[in-house]
Amino acid sequence: MAPSAVDPAALIEAGTEVAAGSTVGPGAWVRHGTTLRDCAVEGGVFVGFRCLIGSARIASGCQIASLTRIGRAGAARVLIEGAAWIGARAVIEPGVRIGPGAVVAAGAHVTGDVPADTVVVGRPARTLRRREVTEDGSPDFGAIIARVRARPDSGRRELPAGWVSDGGGALDADMSGGPGVRLGAGVIAMGRADGPSPRGGVRAGPGVRIGAGAVLEASDGIDIGAGADLGPGVLVVSSGHDLSRRSLPWRGGAVHIGEGVRVGADATLVGPCVLGDGAEVTAGAVVVGDVPARHTTSGVLERNPS
């Protein structure tokens, strides 16, 4: 197998594996913890944290959110065409074609081809609607890549006083609050006030627990109330994209987690959302809206049991 080939103009973060036989084009950005095996990633592609992608071709302008699972090395090739958006923790099976401009919602499980400019949701994925799109150009990550490259402390932010980490992962967020906040092993946190939103960062009350392997994407801010407990593998995303425009511009979506909230292992929270005090999110849930205080939810899975 040929060695991997990464263009010098691509940004490949520490802790990422680009295996032999994979290529990454100019202006692509692959975030911490992702693995690419037998993949062709064209220029101008964004890939989020801890994705596992095998035997896939990803065209220019695509955006792949964190914790996605796409294809499998050695299996039939996945094709993701230009300017498609693959949401957080989505799963795409081998041999699937995602058409240009298609959108795969967070947590969706895609087992068949998705036509151009179609939004699919659910497990298994089904068509929700067609996109009505303003043609304003392809997604462009050049400005944010330049900003990240210029940071002298990229990926190495210090913990606030009274916070404890079990190590590993990557801490690149403005963090404040506590005391008694504990981060499990391998936690990833990103989001700063000098990013796209001045609300960027993680703010946690006293006694908050963040489980091992959790990912906190706080570009528009994540606020966590005292005594809240986020289980291992939880993903919290405080931003999204304007699907009405071809360029898929960034759109803020702050996440507010109340006091004493319990979020089960491997759950996904996508902002904007507010979880009221004492709410509970079940393990593996996908939450894309508000949760009332002291209410227990499995999120969108309650409305899509299939």
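Rg/Rh for the range 108-243 (Cα atoms only, Rh after Kirkwood) is 1.06. Solvent-accessible area assigned to carbon and sulfur over the range 94-237 amounts to 54 percent, based on a 1.4 Å probe. The separation of the range 26-70 from the range 179-226, counted between C-alpha centres, amounts to 24 Å. When shorter helices are ignored and each DSSP H run of at least 4 residues is given -39500 (n - 2.57), the per-residue value for the chain at 222 nm works out to -1000 deg cm²/dmol. Annotation: the range 24-145 has a Kirkwood hydrodynamic radius of 13.9 angstrom, from the mean reciprocal C-alpha pair distance. Relative contact order of the chain: what whole-number percent is it, with Cα pairs under 8 angstrom and at least 6 residues apart? The value is 8 percent. The slack in the chain from ALA161 to ARG131, taken as 0.36 nm per residue of separation less the alpha-carbon distance, amounts to 6.1 nm.
The P(r) of the range 1-52 has a tail past 18 Å containing 15 percent of all C-alpha pairs. Counting only protein chain heavy atoms and rolling a 1.4 Å probe, the accessible areas of LEU216, LEU128 rank, largest first, as LEU128, LEU216. Once you list every other residue whose beta carbon is under 13 Å from the beta carbon of PRO160, what net charge do they have if Lys and Arg are +1 and Asp and Glu are -1? My count for the surroundings of PRO160 gives +1. Only Lys, Arg, Asp and Glu carry charge here, each on its Cβ (+1 for the first two, -1 for the last two); on that basis the range 35-117 has a dipole of about 300 debye about its Cα centre.
Its alpha carbons give the range 240-302 an Rg and a Dmax of 12.8, 40 Å.
At q = 0.17, 0.23, 0.27 Å⁻¹, what base-10 log of I(q)/I(0) does the Debye formula yield for the range 164-244 when every alpha carbon is treated as an equal point scatterer in vacuo? Reported log10 I(q)/I(0), two decimals: -0.60, -1.04, -1.35. At a probe radius of 1.4 angstrom, the accessible area of the chain per residue rounds to 39 square angstrom. In a reduced charge model with +1 at each Lys and Arg Cβ and -1 at each Asp and Glu Cβ, the chain shows a dipole moment near 380 debye about its Cα centre.
Of all DSSP bridge pairs formed entirely within the chain, close to 10 percent run antiparallel. In the range 180-306, what percentage of the DSSP-assigned beta bridges are antiparallel, given to the nearest 5? In the range 180-306, approximately 10 percent of DSSP beta bridges are antiparallel ones. The eigenvalues of the Cα gyration tensor, multiplied by 5 and square-rooted, give the chain an equivalent ellipsoid with semi-axes of 29, 23, 18 Å from largest to smallest.
The coefficient of translational diffusion for the range 219-266, derived via Stokes-Einstein from the alpha carbon Kirkwood radius under 25 °C and 0.890 mPa s, stands at 203 µm²/s. Structural descriptor for the range 1-131: relative contact order 13 percent, calculated from alpha carbon pairs under 8 angstrom and at least 6 residues apart.
Determine the sum of side-chain charges near VAL41: Lys and Arg each +1, Asp and Glu each -1, restricted to other residues whose C-beta is under 12 angstrom from that of VAL41. Computed value for this residue: -1. Convex hull of alpha carbon positions in the range 161-306: directionally averaged projected area 8.6 nm². Computed extension length for THR111-ARG147: 9.2 nm, one decimal, from 0.36 nm per residue of separation with the Cα-Cα distance subtracted.
The values are calculated or read from the model by the stated rules, or taken from the named source; none is laboratory data. Note that this is a predicted model, so its numbers are computed, not measured. With ideal geometry, Cβ positions are generated from the backbone for all residues, glycine too; neighbour counts draw on all protein chains shown. Heads up: the accessible areas ignore ligands, DNA and RNA and are worked out on the full protein's heavy atoms, side chains in. Shrake-Rupley method; radii C 1.70, N 1.55, O 1.52, S 1.80 Å.
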